[in-house]
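Below is one structure, written out as structure tokens; the observations come after it.
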């Protein structure tokens, strides 16, 4: 990618290495330390320059003249860079995804700490330009990178140990390698937990069936593994089998959060579907149980489901790490209920 150039403005074209340097600086700057100029360089900030900025008021032409700052032009420059990044072909995929990750970090910091208006939508640029397979490859690349960063890695290993951490990395690497081979890969997105007396019936029937519940008739899944409240076995499902159906999306009710004392459920979403969910290999990513319950789960599968006889079963500690890493890569700060609350700043 080193030979690729990027047009920042009509008069400014920069190299790959220059872009990496500017995005790195942009990912950490805030208003107290610097000005983000129209060509994405950072000019030092001072008390005098801040006072002058206020004095100039909303006369944008003067502000741009003195500070080379124009948020609308910066927005256009960042969006143009994003389009070039995602549409670049015949380059090393790892290097491309690494730079795309840095781009998203820079845009996120710019939106949160610099831009009052003219914010940049890096997510829509990425999602709108990548194929479904490339989106999964990019998500896995970002997730593995995020999970192996300093305090993120330390926090996970403190909660589950080095061996389970390595097992989770191995699982993510396996999906990544399968995509690289051109194979279809399903990633866990939604979860349905159930009691032991129900798992055999679900496996034998081949569906998660519509049933009566407190919130009405339907099949209920969650964006979190709610095993503590609904049973020791959890079926992890890919996004397509849920999002392709008519569904009702709702936040986890506050009284339920209080009842089960789940301190980090603020971002959990429940989904009620009107139709059964088939237990096919395309829909089911894996089935989760504790290390002690895994032998019994495998017995249930062997006795009741020819379709899923070789489906992956996974230690809940490993799936917790995978889910935690995916969530944080997507901007959700959920932590598995059995872990200690976060007492440090995560690396992004």
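The values are calculated or read from the model by the stated rules, or taken from the named source; none is laboratory data. Note that the coordinates shown come from a computational prediction; the quantities given were computed from them, not determined experimentally. FYI the Cβ positions are ideal-geometry reconstructions off the backbone, even for glycines, and counts take in every protein chain you see.
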Residue check, residue 32 surrounded by 12 or more Cβ atoms within 10 Å (Cβ to Cβ) and at negative phi: no
Qualifying positions in region 267-325 - touching a helix residue (DSSP H, G or I) at 6+ places or on another chain (Cβ under 8 Å) and part of a strand (DSSP E or B): 271, 273, 277, 278, 286, 287, 288, 289, 313, 314, 315
All positions within region 42-67 that are under 33 Å from the mean Cα position of the chain (by Cα) and either in contact (Cβ under 8 Å) with a residue 40 or more places away in the chain or under 15 Å from residue 115 (Cα atoms) (or both): 42
Residue list for region 97-121, filter: more than 23 Å from residue 35 (Cβ to Cβ) and in contact with a helix residue (DSSP H, G or I) (Cβ under 7 Å, 6 or more places away or on another chain): 97, 99, 100, 101
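Residues that are out of contact with any strand residue (DSSP E or B) (no Cβ under 7 Å at 6 or more places or on another chain) and over 22 Å from residue 324 (Cβ atoms): which helices (runs of 4 or more DSSP H) entirely in region 160-244 hold 1 or more of them?
Answer list for region 160-244: 162-180, 196-205, 240-243.
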Selection within region 188-207 - crowded, with 18+ Cβ neighbours inside 10 Å, in contact (Cβ under 8 Å) with a residue 60 or more places away in the chain and touching a helix residue (DSSP H, G or I) at 6+ places or on another chain (Cβ under 6 Å): 190, 199, 203
Region 40-60: number of residues that are in contact with a strand residue (DSSP E or B) (Cβ under 8 Å, 6 or more places away or on another chain) and either at pLDDT 85 or above or part of a strand (DSSP E or B) (or both): 4
Filter result for residue 85 (surrounded by 13 or more Cβ atoms within 10 Å (Cβ to Cβ) and under 14 Å from the mean Cα position of the chain (by Cα)): no
Residue check for residue 165: in the same structural domain as residue 321 (by TED's automatic domain parsing), crowded, with 19+ Cβ neighbours inside 10 Å and either in contact (Cβ under 8 Å) with a residue 40 or more places away in the chain or touching a helix residue (DSSP H, G or I) at 6+ places or on another chain (Cβ under 9 Å) (or both): yes
Region 26-39: number of residues that are within 17 Å of residue 72 (Cβ to Cβ) and in a strand (DSSP E or B): 2
Residue, modelled with the highest pLDDT, within region 245-281, restricted to residues that are out of contact with any strand residue (DSSP E or B) (no Cβ under 9 Å at 6 or more places or on another chain) and under 30 Å from residue 307 (Cβ atoms): 280
